[in-house]
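J.: I have a structure here, written as C-alpha cells, and I will follow up with some questions on it.
The values are calculated or read from the model by the stated rules, or taken from the named source; none is laboratory data. Note that the coordinates shown come from a computational prediction; the quantities given were computed from them, not determined experimentally. Heads up, the Cβs are rebuilt from the backbone with ideal geometry, glycines too, and the neighbour counts pull from every protein chain shown. Please note that ligands, DNA and RNA were not included when accessible areas were found on the heavy atoms of the full protein model with its side chains. Shrake-Rupley method; radii C 1.70, N 1.55, O 1.52, S 1.80 Å.
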Amino acid sequence: MIKLSIRLLATSVLLTACASPNNAPDVPADAKVKDLYIVDCLLPGQLRQLGSTTYMTPRRPVRTTAVDCRVRGGEYVAYDRADYKTALKIWLPEAEGGDAEAQNTVGEIFEQGLGTQPNYEVALLWYKKAAAQGHKGALFNLGTLYEMGRGVPEDKVAALNFYRQAWGISEDELTYRSEAEGALLAQAEVNAKLANEVDAAKTEASIAKAEAEAAQIEAKVARAEAEAAQQAQQRMAAVGASNAKTDVTQAVAASVQQTSAAAKEVTADGRNFGRYYALMIGNNDYQFLSHLDTPVSDVGRLAKVLEQQYGFNVKTLTNGDDASLLQALNQLNDVLKPEDNLFIYYSGHGNSRRSGSLDVGYWLPVNAQLPPNDTYWVPTEQVSGHLARLQAKRIIVVADSAFAGLLADNPAFLLTSDPAQLKSEAYVSLRFPNRSRLLFTSGTDAPLPQTGNVNSSVFADAFIDALVNNKSVLTAPALYLNVMDALESRQPDLNPQFKAIKRAGDEVGDFFFVSR
C-alpha cells in the first residue's frame, strides 16, 4: 500500500474540498483506482412518507464512481468495462417508462456497442423518443447520426435541422446564412422529413428484432451476473498480486500545484461567462516507457497564459500515476458549479486500439507498463465518464496525445468555416446557452518536440500562440482553425482533430476563451 498512499497523499491537495453538488459522499481515503472508475449504477429506491402512507420509490439509474455507487447502496458490475447486457439492465426499465434521459442513454448504449457491434437503427429509435420530449442531448445525437451517415443516409441538412432544434432557434434566426440558403434549407428539411419516414419503415423489422432481444435480457441477467462475478474475482486476484509486487518497488513523483487564486466570474460584451477552471496534466518521467521532454514545460507555459490572460483557476498535476489522474478528475466534482467552465490539458504518452467498429483510447500515466500489459492505463472512456458527471456547463479537453472513443464531428463547421463568423455575435449567441463537451487533440501518440527546442512541442507552441494573440472572445472552433493555420507552416503532416465527446453530456454548446 506504500505506492497507493503516496498517490493519494499527492493528490489530496489538488482541489479545495467543499460540499458535493449532488450530495454524494466523499471518496474514502483508501479508495483504489478501480473505485474511481465510472460505472452504470442502479441506486436503491427511497423510503418516502405521504400523509399516513409510506412507500418506496423505484430504483434510480445513474453514472457515477464505483465507490460512490457502493457507499450509496447501489448495484453495478465490479471491475469490468460496461457491456451491452449490464448497461441495458440498468437503464432500459427507466427508458421504457418514458424517462427522456434514460432513453437518450439507451440510444448511446446501442450506438456505442459496449462489447458488441453498434446498432445505429435502434439507437436512432431511442434518440427520437427522447428528442420528442425536447431532450437536447438526444437532438444532438440524432444530428450526429445524420451528419456521419450512421444508420441513415448521410444528410448534412437534416443534421443541421436537429442541431438547430437543440439550439432552440428557428431557421429565420440563422442570420449568417443568405435568404437563398435559408429557402434551400427549408425545402431540404421537408425532403429530410419524408426520408425519415421512409427510413423508419425500412428499419421497422430491425427495431422489432432489437426490442425482442431487449425483452430477453432479464432472463439472461442471472447467468451473465454469475459469469461477471467469477471473472471479476479472477481479475481482482490478479490485480491484487500485481499491486502487491509493484507497490514495494515503485514510487511515483506526482506533483500537484495550485497556481492561481480562487476563480472569479468572467464577463464580456454584456455576458456572464461564469468561472473558469483548468486541470493541467503533464507526464515526463515514465518508469517503463520512453522519457518525454516537453509535457511538464508545456503545461507550465500554458498555465501562465490561462491564469494571467484569461483568469483561470489553474491546478497542475505533473508526473502522476493512474490513481493521481483519476483522483484529480473525481475531485473536480466537489468544486464545479452548473455555470462553470473547465479546461483539461493532457500531455504525455497515449495509445489507441481497435475494438469492433470503434477505437478505444488510453492515457498512459507514468506507471504505465509496455503493451500488452494495460493494468495501469487510463481508458479515455473513463475520462468521458467523469466529464458527464461534472456539473460544469462547458468543458473542453485538449490533448497533446491520443484520445479515441465515442466522438462526433463538431456541428460548428456545418454552419460556417469562416473564422470571423465563428467569433461573431450571432454565432456566440447561438452556442452560448447550451452545455458542451469538446475535444481538441494533436492526433499523435506523444508530443512532437520542435526542431531545436526539445522542451516545447509543436502542437503546444501553436496552441499557446493562438491564445496569446487573441484579444477578445475566442470560440473553440475558431481557436482550432487558428492552430491549424499555424501548424500548416510548422508541421504540415500533423493532423489535429476537433470533435464533440458523445456520452458526456454535450448539447451542441461551445467553449469561450475570454481574453482580459
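J.: Could you tell me which residue of the range 460-505 is surrounded by the most Cβ atoms within 10 Å (Cβ to Cβ), considering only residues that are among the basic types (Lys, Arg) and in contact with a helix residue (DSSP H, G or I) (Cβ under 6 Å, 6 or more places away or on another chain)?
T.: By that ranking, first place goes to 503.
J.: Which of the numbered conditions does residue 116 fail, given that it passes all the others? Conditions: (1) at pLDDT below 95; (2) open to solvent by less than 50 Å² (accessible area, probe 1.4 Å).
T.: (2)
J.: Residues of the range 85-113 being under 18 Å from residue 502 (Cβ atoms), among the small types (Gly, Ala, Ser) and modelled with pLDDT of 90 or more, which ones?
T.: 95, 100, 102, 107
J.: Sticking with this structure for a sec: If you check residue 340 against the conditions, is it farther than 21 Å from residue 441 by Cβ, of a type in the set (D, E, K, R) and crowded, with 22+ Cβ neighbours inside 10 Å?
T.: yes
J.: Moving on to the next point. Restricting attention to the range 89-131, which residues are of a type in the set (Gly, Ala, Ser) and in a helix (DSSP H, G or I)?
T.: 95, 100, 102, 107, 123, 130, 131
Results for (1) polar (S, T, N, Q); (2) modelled with pLDDT under 90; (3) open to solvent by less than 70 Å² (accessible area, probe 1.4 Å), shown as yes or no for each residue.
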position	(1), (2), (3)
135	no, no, yes
149	no, no, yes
169	no, yes, yes
178	yes, yes, yes
186	no, yes, yes
212	no, yes, yes
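J.: If you don't mind, another one. For the range 436-459, which residues satisfy the criterion of being touching a residue at least 60 places away in the same chain (Cβ under 8 Å), in a loop (DSSP other than H, G, I, E, B) and crowded, with 20+ Cβ neighbours inside 10 Å?
T.: 446, 447
J.: Here is a list: 303, 323. Which entry is closer than 23 Å to residue 513 by Cα, crowded, with 21+ Cβ neighbours inside 10 Å and of a type in the set (A, V, I, L, M)?
T.: Result: 303 is the single residue among 303, 323 that is closer than 23 Å to residue 513 by Cα, crowded, with 21+ Cβ neighbours inside 10 Å and of a type in the set (A, V, I, L, M).
So that you can scan it fast, the table gives a plain yes or no per residue for (1) surrounded by fewer than 24 Cβ atoms within 10 Å (Cβ to Cβ); (2) more than 30 Å from residue 151 (Cα to Cα); (3) aliphatic (A, V, I, L, M); (4) out of contact with any helix residue (DSSP H, G or I) (no Cβ under 7 Å at 6 or more places or on another chain):
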{"residue": "333", "(1), (2), (3), (4)": "yes, yes, no, no"}
{"residue": "336", "(1), (2), (3), (4)": "yes, yes, yes, yes"}
{"residue": "363", "(1), (2), (3), (4)": "no, yes, no, no"}
{"residue": "380", "(1), (2), (3), (4)": "no, no, no, yes"}
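J.: Quickly run through the range 365-378 and pick out the residues that are open to solvent by 10 Å² or more (accessible area, probe 1.4 Å) and either without any contact (Cβ under 8 Å) to a residue 12 or more places away in the chain or hydroxyl-bearing (Ser, Thr, Tyr) (or both).
T.: 372, 373, 375
J.: Still on this structure, please answer the following. Any residue in the range 83-103 that's of a type in the set (Asp, Glu): show its pairings with residues that are assigned to a helix (DSSP H, G or I) at Cβ separation under 7 Å, as long as the two are six or more apart or on different chains.
T.: What qualifies is 94/102.
J.: Does residue 312 satisfy the criteria of being open to solvent by 20 Å² or more (accessible area, probe 1.4 Å), among the aromatic types (Phe, Trp, Tyr) and either modelled with pLDDT under 95 or touching a Leu at 6+ places or on another chain (Cβ under 7 Å) (or both)?
T.: no
J.: Please state which one of 318, 259 is modelled with pLDDT under 95, open to solvent by 10 Å² or more (accessible area, probe 1.4 Å) and not acidic (Asp, Glu).
T.: The conditions single out 259.
J.: Here is a list of conditions, (1) open to solvent by less than 50 Å² (accessible area, probe 1.4 Å); (2) among the charged types (D, E, K, R); (3) under 17 Å from residue 305 (Cβ atoms), and residue 394 meets all of them except one; can you say which number that is?
T.: (3)
J.: Within 19 Å of residue 317 (Cα to Cα) and in contact with a His (Cβ under 8 Å, 6 or more places away or on another chain): does that describe residue 384?
T.: no
J.: Which residues, taken from the range 280-296, are open to solvent by 10 Å² or more (accessible area, probe 1.4 Å) and within 22 Å of residue 323 (Cα to Cα)?
T.: Of everything in the range 280-296, those that are open to solvent by 10 Å² or more (accessible area, probe 1.4 Å) and within 22 Å of residue 323 (Cα to Cα) turn out to be 284, 285, 286, 287, 288, 289, 290, 291, 292, 296.
Conditions (1) under 23 Å from residue 512 (Cα atoms); (2) more than 16 Å from the chain's Cα centre (by Cα); (3) outside any helix (DSSP H, G or I); (4) modelled with pLDDT of 95 or more, marked per residue:
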| site | (1), (2), (3), (4) |
| --- | --- |
| 286 | no, yes, yes, yes |
| 307 | yes, yes, no, yes |
| 329 | yes, no, no, yes |
| 333 | yes, no, no, no |
| 345 | yes, no, yes, yes |
| 361 | no, no, yes, no |
| 369 | no, yes, yes, yes |
